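To start, the structure under review is shown below, and the notes come after it.
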Amino acid sequence: MARFFRFAFLFVVLFAFVSLFTFRPFVRLIYPLKFFETIEPEAEKRDLDPYLIVAMIQVESGFRPEVVSPKGAVGLMQIMPDTAEWIANQIELDFEIEQLKDPEINIKLGTWYLYYLNNQFPSLLTALAAYNGGQGNVRQWLQDNRWDGRLETIENIPFHETREYVRRVLVSWEFYRSLYQE
């Protein structure tokens, strides 16, 4: 009899677990769209998919606005202070470095920067690589034919961190699109 109850308990737990990850409303409780009211208009201004920005934020900071990386990148979209100052100058934004921890400012700067990179590079994939690995590095990889910028050759990205970053953003982007896009 005890064996039956153990089996029944395991079945209920398994059913609850499968239900949780099968049904969208339950999964949405675990993966909410944090800061979407800021992300969506900023992404639309730049003709970017807002779910891409959500994915970048999830990968970059795990939605923690106060996080600072060991290299000094700050906030939701993990922007380096020098880059943030340059972006703020480009968009004529009165800006102080402390504001990088403000979600609205960080998202505004990060989406503009991705938009800028997307216009500087041949594809969104190369723009994502440049966001993480640096513009100069990605230009050099493309120029030296170390990477041709295609998804099929992502293994050729010389920096492991950048290669994994691009992969993680793409997977997360697809996940959020499938979870929220109607």
Restricting the stretch 56-68 to residues that are charged (D, E, K, R) and assigned to a loop (DSSP other than H, G, I, E, B), the residue that is surrounded by the fewest Cβ atoms within 10 Å (Cβ to Cβ): Glu66
Exactly one of these conditions fails for Ala43: (1) under 20 Å from Thr162 (Cα atoms); (2) touching a residue at least 12 places away in the same chain (Cβ under 8 Å). Give me its number. (1)
Give me the pairs: first residue in the stretch 82-95 and without any contact (Cβ under 8 Å) to a residue 12 or more places away in the chain, second residue surrounded by 13 or more Cβ atoms within 10 Å (Cβ to Cβ) and part of a loop (DSSP other than H, G, I, E, B), beta-carbon distance under 9 Å, and six or more apart or on different chains, which are they? Asn89/Phe95
Could you list all residues from the stretch 152-181 that are modelled with pLDDT under 95 and among the aliphatic types (A, V, I, L, M)? Leu179
Of these, Ser123, Ser172, which one is small (Gly, Ala, Ser) and surrounded by fewer than 15 Cβ atoms within 10 Å (Cβ to Cβ)? Ser123
Taking the stretch 23-72 as the search range and keeping residues that are touching a Phe, Trp or Tyr at 6+ places or on another chain (Cβ under 8 Å) and aromatic (Phe, Trp, Tyr), which one is modelled with the lowest pLDDT? Tyr31
Evaluation of Lys71 against (1) touching a helix residue (DSSP H, G or I) at 6+ places or on another chain (Cβ under 9 Å); (2) not in a helix (DSSP H, G or I) (one fails), failing number: (1)
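Per-residue answers, yes or no, for (1) surrounded by 14 or more Cβ atoms within 10 Å (Cβ to Cβ); (2) under 14 Å from the mean Cα position of the chain (by Cα); (3) assigned by TED's automatic domain parsing to the domain that holds Pro50:
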site: Thr83; (1), (2), (3): yes, no, yes
site: Gln90; (1), (2), (3): no, no, yes
site: Tyr116; (1), (2), (3): yes, no, yes
site: Asn119; (1), (2), (3): no, no, yes
site: Arg168; (1), (2), (3): yes, yes, yes
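The values are calculated or read from the model by the stated rules, or taken from the named source; none is laboratory data. The structure displayed is predicted, hence computed values, not measured ones. Note that we place each Cβ from the backbone using ideal geometry, even for glycine, and neighbour counts take in every protein chain shown.
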